[in-house]
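Working notes, beginning with the structure itself.
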């Protein structure tokens, strides 16, 4: 066989394998693209389902009593992301939600300290909102920039929340977790940020704190089940 003929055959074989490699590469790329699209579509649909439930959940009864903008209790700084909810106790036994809200308001004139909270839950289960959810509150130290804070009133020095306050707190935290897509571990105490004995009773009784978080997500599941039942 002449060298010229061998070269032609060799060239034909090389061309054939090149075509096979190109075809396989194109097929692999197409398959990869399909997988990516399907993965995105699945995640997108799941997110849509989750958001549908979130939008449908009913907001607790909240009275808006926003603090006057000032550098001591409502600085007006933007809260760009919410990664958690921080629970506090007022450390002022027997005081009402309105009284604690007014204390924060009074700081703009007194200027004795920097303090506030997004919400205060009262002894009768009332919920007062002091700061809009798109602004930071001065409550949780280094976590002010990415958390929503809740002060809870308590009847005595033990710091234990009464049943009515507890139920309102569960509803409020569940609603916030639903709104911001938070998990159980995203519900924290002031103690978990700084080591401060706050909320006192639930630092001394960690099992009851764990129970509180379980109650929040039990309530959240109940609300989601109601929504699903209505949609069906």
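See the values below:
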read-out	value
Test: residue in the range 174-187 that is in the same structural domain as residue 213 (by TED's automatic domain parsing), crowded, with 18+ Cβ neighbours inside 10 Å and not in a helix (DSSP H, G or I)	yes
Residue check for residue 157: within 27 Å of residue 102 (Cβ to Cβ), surrounded by fewer than 21 Cβ atoms within 10 Å (Cβ to Cβ) and assigned by TED's automatic domain parsing to the domain that holds residue 77	yes
Where residue 70 falls short, out of the listed (1) under 19 Å from residue 141 (Cα atoms); (2) in contact (Cβ under 8 Å) with a residue 60 or more places away in the chain	(2)
In the range 122-154, residue surrounded by the fewest Cβ atoms within 10 Å (Cβ to Cβ) [restricted to those that are more than 19 Å from the chain's Cα centre (by Cα) and without any contact (Cβ under 8 Å) to a residue 60 or more places away in the chain]	124
Filter pass, residue 155 being in contact with a helix residue (DSSP H, G or I) (Cβ under 8 Å, 6 or more places away or on another chain) and on the phi < 0 side of the Ramachandran plot	no
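The values are calculated or read from the model by the stated rules, or taken from the named source; none is laboratory data. If you're wondering where the values come from, they're calculated on a predicted model, not measured in any experiment. Backbone-built Cβ (ideal geometry, glycine too); neighbour counts: all protein chains shown.
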